[in-house]
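The values are calculated or read from the model by the stated rules, or taken from the named source; none is laboratory data. What you see is a predicted model, and the numbers here were worked out from it, not measured in a lab. Methodologically, a virtual Cβ is constructed for each residue, glycine included, from the backbone with ideal geometry; neighbour enumeration extends over all protein chains shown. SASA here: full protein model, heavy atoms, side chains in, ligands and nucleic acids out. Shrake-Rupley method; radii C 1.70, N 1.55, O 1.52, S 1.80 Å.
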Amino acid sequence: MTQTNNIQWHSLASIESLRHQVCDEIVQRATEAIATSGKFSIVLAGGHTPRAVYRLLRDVKADWAHWHVYHGDERCLAPDHIDRNSLMARQAWLQYVAIPESQIHDIPAELGPVAGARAYAQTLKEVGTFDVVLLGLGEDGHTASLFPGQLVDNSADAVPVFNSPKPPLERVSLSQQRLNNSREVLFLVTGAGKQQAVDNWRNGVAIPATLIAPKESVEIFCYEVDLDA
Ligand code: 6PG
């Protein structure tokens, strides 16, 4: 598989412009994908920044019947727990649009890390290259639930995570390899607390985010982070 080194950093002047630019990018990619292949697949991220983008997407006019939604990671909590990424995405966006329920693929993390990862790997078996993967960046450089210093089995599409430095301890994450099996990755990076992680990334220090190299491009949308530091 050919992977790209095409990384574009974008510094946005306001949080609103970041949200709108990411929303527009997703919709444009969806339109192109549906025109060429009849469907659009997107992998969602947790966190405050993605949630604000989801709220914009709920008011967009799109060809929702052809959207297929996956998640990059999930916390091992009950499906109706307030900290579930899947619940957040449904409440912010998915419950308002006409994406068929059979095309919304939550990670069954309530089964626990091992069984949840195994079940989601099965779900992903028939799924080819994603069109768009959304990712956040943690202050420690983590992305999805791939944390610094934690080795995961890259031969699997979905992996169990124990001892997460950020609660809850147990999670399910897509592996680096599966996240890279995408045309495009959009990173949403907001807040001065991410400066160190961004500096490390730009200076070639290995953090989980630097392992993300999809087929076409990585677009990193930043706000309140100095790219000249
Ligand atoms: C988690 C969070 C986390 C988040 C980043 C960025 O599961 O612990 O979802 O991975 O994506 O910390 O989040 P913000 O966009 O809220 O800064």
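Using 1/(1 + (r/R0)^6) with R0 = 35 angstrom and r between the beta carbons of Gln196 and Ala115, what's the FRET efficiency to the nearest 0.05? Each step should come with its number before you reach the end.
On the way: r = 36 Å, r/R0 = 1.02.
With R0 = 35 Å, the Cβ-Cβ based efficiency is 0.50.
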Surface accessible to a 1.4 Å probe, per residue, for the residues of the stretch 77-229, Å²: 43
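Calculate what fraction, in whole %, of the accessible area of the chain sits on carbon and sulfur atoms when a 1.4 Å probe is rolled over the protein chains. Mind dumping the intermediate values first?
Values: 5020 of 10350 Å².
Heavy-atom surface of the chain belonging to carbon and sulfur, 1.4 Å probe: 48 percent.
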Stretch gain in nm, segment His81-Tyr96, where the contour uses 0.36 nm per residue and the Cα spacing is subtracted: 3.4 nm
Simple spin-label estimate for Ala206 and Lys166 in nanometres, 7 Å along Cα-Cβ: 2.2
Computed lengthening from Arg55 to Gln177, 0.36 nm per intervening residue step minus Cα-Cα distance: 41.0 nm
Rg over Rh, two decimals, the stretch 2-223 (C-alpha only, Kirkwood Rh): 0.93
Cross-link reach list, lysines versus Lys194, counting only Cα pairs under 23 Å and skipping chain neighbours closer than eight places: Lys166
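What's the FRET efficiency of Ala229 with Gln21 using the Cβ-Cβ distance as r and R₀ = 25 Å, to the nearest 0.05?
On the way: r = 22 Å, r/R0 = 0.87.
About 0.70, to the nearest 0.05.
Order the peptides 68-76, 13-21, 185-193, 35-43 from the highest to the lowest mean number of other Cβ atoms within 10 Å of their residues. Each step should come with its number before you reach the end.
Working: 68-76: 24.4, 13-21: 15.1, 185-193: 20.9, 35-43: 17.0.
Listed from highest to lowest mean packing, they are 68-76, 185-193, 35-43, 13-21.
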